[in-house]
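A.B. asks: Here it is: the structure, laid out below.
The values are calculated or read from the model by the stated rules, or taken from the named source; none is laboratory data. Here the structure is a predicted model, which means the values were calculated and not measured. No Cβ is skipped: glycine too gets one built from the backbone with ideal geometry, and neighbour counts run over all protein chains shown. Surface areas here come from the heavy atoms of the whole protein model, side chains and all, with no ligands, DNA or RNA. Shrake-Rupley method; radii C 1.70, N 1.55, O 1.52, S 1.80 Å.
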Amino acid sequence: MKVSRGTRLLLTGLVLVIIDQIIKILVKTDMTIGEHFSVIGNWFQIYFIENEGMAFGMKFGGQVGKLLLSVFRIVLFCALVFWIRRLLKKPDTPTGVVVGLTLITAGALGNIIDCLFYGVLFGESTYTTVAQFLPEGGGYAPFFFGKVVDMFYFPLIDTTFPEWLPLVGGHPFRFFAPVFNFADSCVTCGAIYLIFFQWKYFSRAEK
(Lines give C-alpha, C1' and ligand atoms only; values in the text may rest on other atoms or scores of the structure.)
Protein backbone atom coordinates (compact mmCIF):
# COMPACT_ATOMS: atom_id res chain seq x y z
CA MET A 1 0.00 0.00 0.00
CA LYS A 2 1.38 3.36 -1.02
CA VAL A 3 1.70 5.88 1.79
CA SER A 4 0.71 9.42 0.82
CA ARG A 5 3.08 12.35 1.18
CA GLY A 6 0.82 13.89 3.80
CA THR A 7 0.91 10.73 5.92
CA ARG A 8 4.70 10.58 5.73
CA LEU A 9 4.95 14.20 6.82
CA LEU A 10 2.52 13.61 9.69
CA LEU A 11 4.53 10.63 10.92
CA THR A 12 7.77 12.62 10.60
CA GLY A 13 6.30 15.47 12.63
CA LEU A 14 5.00 13.09 15.32
CA VAL A 15 8.39 11.37 15.63
CA LEU A 16 10.12 14.75 16.06
CA VAL A 17 7.64 15.83 18.74
CA ILE A 18 8.01 12.50 20.58
CA ILE A 19 11.82 12.77 20.53
CA ASP A 20 11.57 16.34 21.85
CA GLN A 21 9.25 15.35 24.69
CA ILE A 22 11.27 12.28 25.69
CA ILE A 23 14.42 14.39 26.02
CA LYS A 24 12.62 17.09 28.01
CA ILE A 25 10.91 14.66 30.39
CA LEU A 26 14.15 12.77 31.05
CA VAL A 27 15.97 16.03 31.81
CA LYS A 28 13.20 17.50 33.95
CA THR A 29 12.65 14.37 36.06
CA ASP A 30 16.34 13.56 36.55
CA MET A 31 18.13 16.91 36.87
CA THR A 32 17.95 20.01 39.04
CA ILE A 33 17.98 23.52 37.60
CA GLY A 34 21.52 24.46 36.62
CA GLU A 35 22.78 20.87 36.74
CA HIS A 36 24.96 20.00 33.77
CA PHE A 37 27.34 17.43 32.39
CA SER A 38 29.61 17.20 29.37
CA VAL A 39 28.70 15.10 26.35
CA ILE A 40 31.68 15.91 24.11
CA GLY A 41 34.37 17.80 25.95
CA ASN A 42 33.34 21.20 27.25
CA TRP A 43 31.82 22.45 24.00
CA PHE A 44 28.72 20.21 24.05
CA GLN A 45 26.91 20.00 27.38
CA ILE A 46 23.51 19.04 28.72
CA TYR A 47 22.63 22.04 30.89
CA PHE A 48 19.12 22.12 32.42
CA ILE A 49 17.33 25.45 32.54
CA GLU A 50 13.74 26.58 32.05
CA ASN A 51 12.40 29.67 30.32
CA GLU A 52 9.07 31.41 29.88
CA GLY A 53 8.55 30.20 26.35
CA MET A 54 10.68 31.99 23.80
CA ALA A 55 13.44 30.28 21.87
CA PHE A 56 17.01 30.14 23.20
CA GLY A 57 16.05 31.14 26.75
CA MET A 58 14.61 34.58 25.99
CA LYS A 59 11.75 36.03 28.05
CA PHE A 60 8.74 38.10 27.08
CA GLY A 61 6.68 40.43 29.27
CA GLY A 62 5.87 38.53 32.47
CA GLN A 63 2.64 36.56 32.91
CA VAL A 64 0.66 38.56 30.34
CA GLY A 65 3.46 38.20 27.84
CA LYS A 66 3.65 34.48 28.62
CA LEU A 67 -0.06 34.06 27.89
CA LEU A 68 0.14 36.09 24.69
CA LEU A 69 3.17 34.11 23.56
CA SER A 70 1.37 30.81 24.15
CA VAL A 71 -1.67 32.01 22.20
CA PHE A 72 0.57 33.27 19.40
CA ARG A 73 2.33 29.91 19.22
CA ILE A 74 -0.99 28.08 18.93
CA VAL A 75 -2.22 30.43 16.19
CA LEU A 76 1.07 30.05 14.33
CA PHE A 77 0.90 26.26 14.63
CA CYS A 78 -2.65 26.19 13.24
CA ALA A 79 -1.65 28.51 10.39
CA LEU A 80 1.31 26.29 9.50
CA VAL A 81 -0.84 23.16 9.49
CA PHE A 82 -3.38 24.89 7.24
CA TRP A 83 -0.61 26.09 4.90
CA ILE A 84 0.98 22.65 4.65
CA ARG A 85 -2.39 21.07 3.83
CA ARG A 86 -2.94 23.58 1.04
CA LEU A 87 0.54 23.00 -0.37
CA LEU A 88 0.03 19.23 -0.35
CA LYS A 89 -2.98 19.65 -2.61
CA LYS A 90 -0.74 21.20 -5.25
CA PRO A 91 1.17 18.48 -7.14
CA ASP A 92 3.93 20.90 -8.13
CA THR A 93 4.87 21.74 -4.51
CA PRO A 94 8.45 20.52 -3.89
CA THR A 95 8.77 17.93 -1.14
CA GLY A 96 11.55 20.00 0.42
CA VAL A 97 9.17 22.90 1.02
CA VAL A 98 6.65 20.88 3.01
CA VAL A 99 9.43 19.03 4.85
CA GLY A 100 10.95 22.34 5.97
CA LEU A 101 7.56 23.62 7.10
CA THR A 102 6.91 20.33 8.91
CA LEU A 103 10.14 20.77 10.88
CA ILE A 104 9.04 24.26 11.95
CA THR A 105 5.53 23.04 12.82
CA ALA A 106 6.82 20.10 14.87
CA GLY A 107 9.18 22.40 16.77
CA ALA A 108 6.38 24.84 17.51
CA LEU A 109 4.16 22.02 18.80
CA GLY A 110 6.94 20.66 21.01
CA ASN A 111 7.26 23.96 22.88
CA ILE A 112 3.48 24.47 22.94
CA ILE A 113 3.15 21.21 24.88
CA ASP A 114 5.58 22.54 27.52
CA CYS A 115 3.69 25.81 27.87
CA LEU A 116 0.24 24.23 28.09
CA PHE A 117 0.80 21.10 30.15
CA TYR A 118 4.10 21.05 32.04
CA GLY A 119 2.91 23.41 34.75
CA VAL A 120 -0.03 21.09 35.46
CA LEU A 121 1.80 17.77 35.13
CA PHE A 122 5.06 18.47 36.97
CA GLY A 123 6.20 19.87 40.29
CA GLU A 124 8.63 22.77 40.46
CA SER A 125 12.21 22.22 39.35
CA THR A 126 14.65 24.02 41.64
CA TYR A 127 18.40 24.24 42.15
CA THR A 128 18.17 21.56 44.86
CA THR A 129 15.17 19.37 43.97
CA VAL A 130 14.12 17.35 40.94
CA ALA A 131 10.60 17.83 39.60
CA GLN A 132 8.05 15.13 40.35
CA PHE A 133 5.52 13.92 37.79
CA LEU A 134 1.92 14.46 38.97
CA PRO A 135 2.86 15.60 42.50
CA GLU A 136 0.27 15.30 45.28
CA GLY A 137 0.03 19.04 45.79
CA GLY A 138 -0.52 19.71 42.10
CA GLY A 139 1.73 21.21 39.45
CA TYR A 140 3.83 24.32 39.70
CA ALA A 141 1.68 26.49 37.38
CA PRO A 142 -1.81 26.61 35.88
CA PHE A 143 -2.72 25.49 32.38
CA PHE A 144 -1.06 27.73 29.74
CA PHE A 145 1.70 28.91 32.09
CA GLY A 146 4.22 26.07 32.01
CA LYS A 147 7.89 26.73 31.40
CA VAL A 148 9.83 25.41 28.42
CA VAL A 149 12.62 22.94 29.21
CA ASP A 150 16.00 23.69 27.60
CA MET A 151 19.12 21.56 27.78
CA PHE A 152 21.49 21.80 24.79
CA TYR A 153 24.48 24.05 25.44
CA PHE A 154 27.33 24.61 22.99
CA PRO A 155 29.88 27.01 24.50
CA LEU A 156 32.14 26.71 21.45
CA ILE A 157 34.33 29.48 22.85
CA ASP A 158 34.36 29.93 26.62
CA THR A 159 37.16 32.18 27.77
CA THR A 160 38.01 35.38 29.65
CA PHE A 161 39.29 38.53 28.01
CA PRO A 162 42.87 39.47 29.06
CA GLU A 163 43.04 42.02 31.86
CA TRP A 164 44.99 44.48 29.71
CA LEU A 165 42.13 44.96 27.22
CA PRO A 166 40.19 48.21 27.83
CA LEU A 167 36.54 47.96 28.86
CA VAL A 168 36.23 44.17 28.44
CA GLY A 169 39.39 43.06 30.26
CA GLY A 170 38.70 40.36 32.83
CA HIS A 171 35.15 39.74 31.60
CA PRO A 172 34.06 36.28 30.43
CA PHE A 173 33.27 35.70 26.76
CA ARG A 174 31.14 32.88 25.42
CA PHE A 175 30.40 32.31 21.75
CA PHE A 176 26.83 31.06 21.29
CA ALA A 177 25.82 31.09 24.94
CA PRO A 178 22.06 30.30 24.58
CA VAL A 179 20.72 27.02 25.93
CA PHE A 180 18.06 25.51 23.68
CA ASN A 181 16.07 22.33 23.10
CA PHE A 182 15.31 19.84 20.32
CA ALA A 183 12.15 21.73 19.29
CA ASP A 184 14.14 24.96 18.85
CA SER A 185 16.56 22.99 16.67
CA CYS A 186 13.71 21.77 14.47
CA VAL A 187 12.40 25.31 13.97
CA THR A 188 15.87 26.69 13.23
CA CYS A 189 16.89 23.89 10.86
CA GLY A 190 13.56 24.07 9.03
CA ALA A 191 13.81 27.83 8.58
CA ILE A 192 17.46 27.73 7.45
CA TYR A 193 16.70 24.94 5.00
CA LEU A 194 13.82 26.88 3.44
CA ILE A 195 15.84 30.09 3.21
CA PHE A 196 18.91 28.54 1.59
CA PHE A 197 17.48 25.68 -0.47
CA GLN A 198 13.86 26.55 -1.27
CA TRP A 199 14.00 30.30 -1.85
CA LYS A 200 13.37 29.82 -5.57
CA TYR A 201 9.97 28.28 -4.85
CA PHE A 202 8.88 31.15 -2.63
CA SER A 203 10.19 33.70 -5.14
CA ARG A 204 8.13 32.01 -7.83
CA ALA A 205 5.09 31.95 -5.56
CA GLU A 206 5.38 35.71 -4.98
CA LYS A 207 5.49 36.36 -8.72
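A.B. asks: Output the residues belonging to region 85-135 that are open to solvent by 20 Å² or more (accessible area, probe 1.4 Å), more than 25 Å from ASP150 (Cα to Cα) and either of a type in the set (Gly, Ala, Ser) or in a loop (DSSP other than H, G, I, E, B) (or both).
C.D. replies: The answer is LYS89, LYS90, PRO91, ASP92, PRO94.
A.B. asks: Considering only region 189-204, state which residues are within 11 Å of GLY96 (Cβ to Cβ) and aliphatic (A, V, I, L, M).
C.D. replies: Answer for region 189-204, where residues must be within 11 Å of GLY96 (Cβ to Cβ) and aliphatic (A, V, I, L, M): just LEU194.
A.B. asks: Sticking with this one: Could you list, in sequence order, all residues of region 1-16 that are within 15 Å of the chain's Cα centre (by Cα) and loosely packed, with under 14 Cβ neighbours inside 10 Å?
C.D. replies: Residues satisfying the conditions are LEU14, VAL15.
A.B. asks: For region 17-54, how many residues are open to solvent by less than 30 Å² (accessible area, probe 1.4 Å) and either in contact with a helix residue (DSSP H, G or I) (Cβ under 6 Å, 6 or more places away or on another chain) or free of Cβ contacts under 8 Å to residues at least 24 places away in the same chain (or both)?
C.D. replies: 5
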